[in-house]
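Reading through the structure tokens given below for one structure.
What follows draws every value from the coordinates through simple rules; no lab data is involved. Computed from a prediction, not measured in an experiment: that's the story for all the values here. Because the Cβ atoms are built from the backbone with ideal geometry, glycine has one as well, and the counts that use them run over all protein chains shown.
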Amino acid sequence: MSSGALKVKVSIAEDDIVLIKIDGELTIFTEEYDMLHKEIGAYIKMGLYKFIVDLRGVTYIDSSGLGLIIRLATHAFKQNSRVCIMYDGPQVEKLLFVSNIDKIVQIVPSPEEGYKFFRESGQE
């Protein structure tokens, strides 16, 4: 596997919070992207709308990856919630701010802070 390959780990915490950890290149050109897209769709159909997305291991993100985040954020917003995002790296930061996604997501430094955000905002 190359260093840019997409690796995804998804888990559901108590209070129905979905933690999505993404490493590598978040681009449509991988099998894992397709699987992630379908898995997120399944969680949305199940009525889950609290997501913490860990992008700290992402080395590259294209418009399809950005679209995935926007889809999550839009779904959460419609349910009076927000998506929490963690990131490292200037490329991801630039995309979040240039696309104004930072206006519809909650930027947090760690998963624990994401869980805290949901608890304190009454979204448990």
Between 0 and 90 degrees, rounded to the nearest ten: what's the tilt of helix 111-120 against the longest Cα principal axis of the chain? 30 degrees
Between ASP102 and ARG71, 0.36 nm times their residue separation minus their Cα-Cα distance comes to what? 9.8 nm
Relative contact order of the chain, defined on C-alpha pairs under 8 angstrom at six or more residues apart (%): 23 percent
Per-bin percent of Cα-Cα distances, the stretch 7-120 [5 Å]: 2, 12, 25, 28, 21, 10, 2, 0
per DSSP, antiparallel bridges as share of beta bridges in the chain, % nearest 5, sits at 30 percent
Along the stretch 6-13, Karplus-curve 3J(HN,Hα) (6.51, -1.76, 1.60; θ = phi - 60°) to the nearest Hz, with x for Gly and Pro, reads 7, 10, 10, 10, 10, 9, 10, 8
Would you mind calculating the gained length between GLN79 and MET35 on full extension (0.36 nm times residue separation, minus the Cα-Cα distance), in nm to one decimal? 13.4 nm
Using amide H atoms built in the peptide plane, which far-off residues or other-chain residues are under 5 Å from THR59 H to H? GLY24, GLU25, LEU26
Can you figure out the FRET efficiency of ASP15 with THR59, using R₀ = 30 Å and their beta-carbon distance, to the nearest 0.05? 0.45
At 7 Å along the Cα-to-beta-carbon direction for both ILE28 and LYS45, put a label point, then send me their distance in nm to one decimal. 2.1 nm
If amide H atoms are built 1.01 Å from N in the plane of the peptide, which residues on other chains or at least 5 residues away come under 5 Å of the amide H of PHE51? VAL18, CYS84
Ordered by residue, what ³J(HN,Hα) values in Hz, to whole numbers, does the stretch 36-52 give under the Karplus form 6.51 cos²θ - 1.76 cosθ + 1.60, where θ = phi - 60° and Gly and Pro are x? 4, 4, 5, 5, 4, x, 5, 5, 5, 5, 6, x, 8, 9, 10, 10, 10
Unsatisfied cross-links (Cα-Cα over 22 Å) in the set LYS38/LYS78; LYS45/LYS103; LYS50/LYS103; LYS9/LYS45; LYS38/LYS116; LYS7/LYS116: LYS45/LYS103; LYS38/LYS116; LYS7/LYS116
